[in-house]
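To keep things clear, I will list the structure first and then write my remarks on it.
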Amino acid sequence: FDFCQAEGKKRPSENLGQVLFGERIEPSPYRFTFNNKETCKSVCTKTYDTTKPEDKQKLDFLKKSMLLNYQHHWIVDNMPVTWCYDVEDGLRFCNPGFPIGCYITEDGRPKDACVINSEFHEKDTFYIFNHVDIKIYYHVVENEALGARLVAAKLEPKSYKHTHPDNPDCSGVPMDISNKANGEVKIAYTYSVSFEEEKNIRWASRWDYILESMPHTHIQWFSIMNSLVIVLFLSGMVAMIMLRTLHKDIARYNQMDSTEDAQEEFGWKLVHGDIFRPPRKGMLLSVFLGSGTQILIMTFVTLFFACLGFLSPANRGALMTCAVVLWVLLGTPAGYVAARFYKSFGGEKWKTNVLLTSFLCPGIVFADFFIMNLILWGEGSSAAIPFGTLVAILALWFCISVPLTFIGAYFGFKKNAIEHPVRTNQIPRQIPEQSFYTKPLPGIIMGGILPFGCIFIQLFFILNSIWSHQMYYMFGFLFLVFIILVITCSEATILLCYFHLCAEDYHWQWRSFLTSGFTAVYFLIYAIHYFFSKLQITGTASTILYFGYTMIMVLIFFLFTG
């Protein structure tokens with residue numbers, strides 16, 4: 001964007017999480033001194049001559065960004081500068097960004113932020129917010145010798161057509177740029193800053209303003225109750241089946257005295273000779289289980305730390321950094337689990353198993369990520385990840401994660417295979433004709449619905465925080481939902497597994513992985529719905545990016561739930 005640039009200031013450095021999320025912090029040309037009030041101070045003036053093609057291009061870019069409601073995000077002392085405005089019911093909403101400008105349509109309808117001022121009424125016109133009134137609130141520290149702490153920063157975006165850009169007075173008509181304007185357009189950027197003492201906000205609680213401006217918490221409790229009801233219902237079902245049927249069966253076994261009765265087996269006891277037959281594609285299943293374990297532990301630890309408040313929005317990029325580092329360090333459990341299962345499936349090719357565990361799923365994620373990055377590079381976006389960071393991520397993966405996976409696999413293969421309580425028959429049993437409900441596909445499709453029902457309200461807030469730049473701070477809720485999701489996935493799978501074992505179908509390994517793994521497909525459908533209903537994304541590159549990143553999330557979620 002062609003805004004005022006800061007001269008000769010060093011860019012702040014970002015951490016790994018910020019780089020991966022595409023957060024870039026630029027130095028600002030707006031200079032403040034503490035407790036030094038400024039009114040209507042000029043920053044710079046930009047002149048566009050629409051007859052010159054490069055000037056016209058810059059102005060058109062500015063217009064397009066106003067049309068799409070692009071936002072400035074400013075930071076003072078690590079605090080986002082918020083723009084607070086009244087919404088209905090006398091509530092105030094604080095937005096951590098403010099728009100570049102706004103547009104009045106050809107039929108005189110104000111779009112987005114143009115509703116805040118009745119002076120914005122010219123048809124087919126853009127109004128640019130070229131003046132900001134910044135108010136900085138501070139808290140004087142009583143017991144220490146000198147100093148005050150900044151506790152909040154708020155601003156009001158204004159639009160003024162400065163008649164004398166060199167000597168601005170910040171009054172008069174708004175700065176309008178007509179859509180059909182020709183000739184010279186002059187935009188003067190100015191600011192005012194004032195300081196106010198705020199005794200009520202402590203420095204430690206200066207992030208609480210986010211909580212006030214987001215009245216979503218009651219929805220959260222509703223969704224948690226909703227999920228808990230599902231969990232109770234499932235637990236009841238599982239407990240009832242286990243107690244009733246298993247109790248009955250065991251009682252019947254204990255009553256048997258003569259051997260003739262023992263021949264009349266039924267239901268799931270008929271398949272005892274085939275239940276531990278190794279699954280088809282056992283290699284792939286063991287690799288998925290290894291990667292899934294890695295992701296499960298990573299999610300658990302990350303959310304646990306986030307609950308304790310280590311990864312709050314105040315530490316920018318901490319969440320992503322934590323997740324990536326944990327994922328790299330958790331290669332050992334992945335290798336171990338994959339090796340244990342592969343060995344118990346009677347597999348021999350242990351080298352292939354280790355290599356697939358360390359390269360298959362991470363490789364897919366990295367390849368997807370790399371392609372997205374190429375698109376960002378091609379578009380010249382500032383969110384593109386520099387080459388150095390890519391090399392650093394590859395180094396983390398090859399030099400730390402892969403060796404750890406090998407160590408885990410070594411211990412996994414050294415241990416004896418998991419002992420099966422019953423012997424597997426030589427000849428596979430015939431599987432009888434299945435009813436519609438116990439066929440693989442309907443069972444798998446039904447299995448994903450319940451876990452998805454537990455999470456979809458949380459999903460809405462998470463997608464908002466990723467795509468709509470809203471702060472996400474409800475880690476306590478998220479941790480609860482995570483635990484509920486784990487329980488629901490397990491119980492739904494146990495139930496469906498029991499049903500199809502009763503129908504004498506003994507191919508349970510892949511099916512139990514896919515039953516709860518199918519939740520990821522519902523996640524994908526929801527993400528597509530979110531894309532079309534909530535986001536106004538235009539352009540091929542942006543669409544490809546949205547779905548590219550969504551596919552990474554879906555794959556991780558699939559491995560995790562499975």
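A few remarks follow.
- In the range 123-135, residue least open to solvent (accessible area, probe 1.4 Å) [restricted to those that are charged (D, E, K, R) and part of a strand (DSSP E or B)]: D133
- Members of the range 3-20 found to be of a type in the set (A, V, I, L, M, F, W, C) and either surrounded by fewer than 16 Cβ atoms within 10 Å (Cβ to Cβ) or more than 32 Å from the chain's Cα centre (by Cα) (or both), listed by number: C4, A6
- L311 satisfies every condition listed in (1) assigned to a helix (DSSP H, G or I); (2) open to solvent by less than 30 Å² (accessible area, probe 1.4 Å) except (1).
- In the range 9-35, the residues that are on the phi < 0 side of the Ramachandran plot form Cβ pairs under 8 Å with partners that are of a type in the set (S, T, Y) and open to solvent by less than 60 Å² (accessible area, probe 1.4 Å), at six or more places apart or across chains, as follows: N15/T321; L16/T321; L16/T389; G17/T321; V19/T389; L20/T389; Y30/Y191; F34/Y138.
Per-residue answers, yes or no, for (1) open to solvent by 50 Å² or more (accessible area, probe 1.4 Å); (2) of a type outside the set (V, I, T); (3) assigned to a loop (DSSP other than H, G, I, E, B); (4) within 30 Å of F195 (Cβ to Cβ):
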{"position": "F32", "(1), (2), (3), (4)": "yes, yes, yes, yes"}
{"position": "K41", "(1), (2), (3), (4)": "yes, yes, no, yes"}
{"position": "Q57", "(1), (2), (3), (4)": "yes, yes, no, no"}
{"position": "W83", "(1), (2), (3), (4)": "no, yes, no, yes"}
{"position": "D89", "(1), (2), (3), (4)": "yes, yes, no, no"}
{"position": "E106", "(1), (2), (3), (4)": "yes, yes, yes, no"}
{"position": "H121", "(1), (2), (3), (4)": "yes, yes, yes, no"}
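- Lone unmet requirement of (1) part of a helix (DSSP H, G or I); (2) buried (at least 20 other Cβ atoms within 10 Å of the Cβ); (3) within 17 Å of the chain's Cα centre (by Cα); (4) not small (G, A, S) for T332: (3)
- Any pair with Cβ under 6 angstrom, 6 or more apart, that starts in the range 287-309 at a residue that is on the phi < 0 side of the Ramachandran plot and ends at one that is of a type in the set (S, T, Y) and surrounded by 21 or more Cβ atoms within 10 Å (Cβ to Cβ): V287/T357; G290/T357
- Every residue from the range 14-30 that is among the aliphatic types (A, V, I, L, M) and either within 13 Å of W74 (Cβ to Cβ) or part of a loop (DSSP other than H, G, I, E, B) (or both): I25
- Here N95 clears all of (1) of a type in the set (S, T, N, Q); (2) over 31 Å from the mean Cα position of the chain (by Cα); (3) modelled with pLDDT under 90 except the condition numbered (2).
- Selected residue [open to solvent by less than 60 Å² (accessible area, probe 1.4 Å), under 21 Å from E23 (Cβ atoms) and outside any loop (DSSP other than H, G, I, E, B)] from C322, C361: C322
The values are calculated or read from the model by the stated rules, or taken from the named source; none is laboratory data. Because the structure is predicted, anything quoted here is derived from the model rather than measured. Using ideal geometry, Cβ is built from the backbone for each residue, glycine included, and neighbour counts are taken over all protein chains shown. All accessible areas refer to the heavy atoms of the entire protein, side chains included, with ligands and DNA or RNA removed. Shrake-Rupley method; radii C 1.70, N 1.55, O 1.52, S 1.80 Å.
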